[in-house]
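In what follows, a single structure is set out as structure tokens and then discussed.
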Amino acid sequence: MELAKSHLDIGLFTNNREKMLAFWQGKVGLAFDHLGKLGGGVHQLRHFLGDGPAGPILKINDSRNPLPAAPPSGYRELLIAREEVSVPQTLVDPDGNRLALVPPGYCGVGGIGMRMGVRSLAAFEDFYGRILGLPKVPVADGPVFACDDSVILAFHDSDASGDAVQFAQGYRYLTVQIFDADHEYETVLQRGGSGGMAPKTLGATVRYGFIRDPDGNWIELSQRATLTGSIASSKGATGENG
């Protein structure tokens, strides 16, 4: 993948806006970026996980409508590297999402990481290594892949869902910022990966689509104008293609 930003973004959904903001801003110390309206009664409250707008973003998607009951996705624990931390500190937000503040270098984490529970470690390695083309990080704590300055870790969980729900409470998707959403989406399909939503354009802001990993976890491919300079489709589309 040709990355437009050297970090992953993390997306979660909640019906618990005020308590979640108090936790992530007050307890964890994240700075608020801005609010975006996604439609359907969902407000996205973007927070810096480090390095400002060019760094990783936590997207707290507050839904006006009640979110459905659903099993957790494979995204189980957000890891955030902090210079002042000498040993991992585990925290749990008001919705039950786990995060750990860790010393830099812990399990290969230099910026942020996402620990995943997966049904098959072999399938995880094939998808993130061969299909997405991410380099493997040589650490002892299970398979770890690097998306530039962010890492994705995995442990085996035989009870993990094989069809992760996208719109439900909790960590629900990762975002990879790339230069060409259409090209990257088609490349994943050609290598045997699964599509979740073909790329479409949102206003003059972003062209984005979703792919899914072997357990059905959602990954957004985002071609954002502020990072790429253009959201033109490599297929020649100029508007939303649905």
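The values are calculated or read from the model by the stated rules, or taken from the named source; none is laboratory data. As the structure is a computational prediction, the values presented were derived from the model and not from experiment. Note that we place each Cβ from the backbone using ideal geometry, even for glycine, and neighbour counts take in every protein chain shown.
Tell me yes or no: at least one residue of the range 146-154 is among the small types (Gly, Ala, Ser), touching a residue at least 12 places away in the same chain (Cβ under 8 Å), under 24 Å from Lys5 (Cα atoms) and crowded, with 22+ Cβ neighbours inside 10 Å. The answer is yes, given that some residue of the range 146-154 is among the small types (Gly, Ala, Ser), touching a residue at least 12 places away in the same chain (Cβ under 8 Å), under 24 Å from Lys5 (Cα atoms) and crowded, with 22+ Cβ neighbours inside 10 Å. The number of residues in the range 32-84 that are over 27 Å from Thr228 (Cα atoms) and free of Cβ contacts under 8 Å to residues at least 12 places away in the same chain comes to 1.
Of the numbered criteria (1) surrounded by fewer than 20 Cβ atoms within 10 Å (Cβ to Cβ); (2) touching a Ser or Thr at 6+ places or on another chain (Cβ under 9 Å); (3) more than 21 Å from Ala168 (Cα to Cα), the one Gly216 fails is (3). Taken together, the residues in the range 10-62 that are exposed (fewer than 15 other Cβ atoms within 10 Å of the Cβ), assigned to a loop (DSSP other than H, G, I, E, B) and modelled with pLDDT of 95 or more amount to 2.
Checking each residue in the range 178-205 for being over 23 Å from His7 (Cβ atoms), of a type in the set (D, E, K, R) and touching a strand residue (DSSP E or B) at 6+ places or on another chain (Cβ under 8 Å) picks out only Lys200. Among the residues of the range 71-92 satisfying the criterion of being in contact with a Ser or Thr (Cβ under 9 Å, 6 or more places away or on another chain) and buried (at least 18 other Cβ atoms within 10 Å of the Cβ), which is nearest to Asp149 (Cα to Cα)? The selected residue is Glu77.
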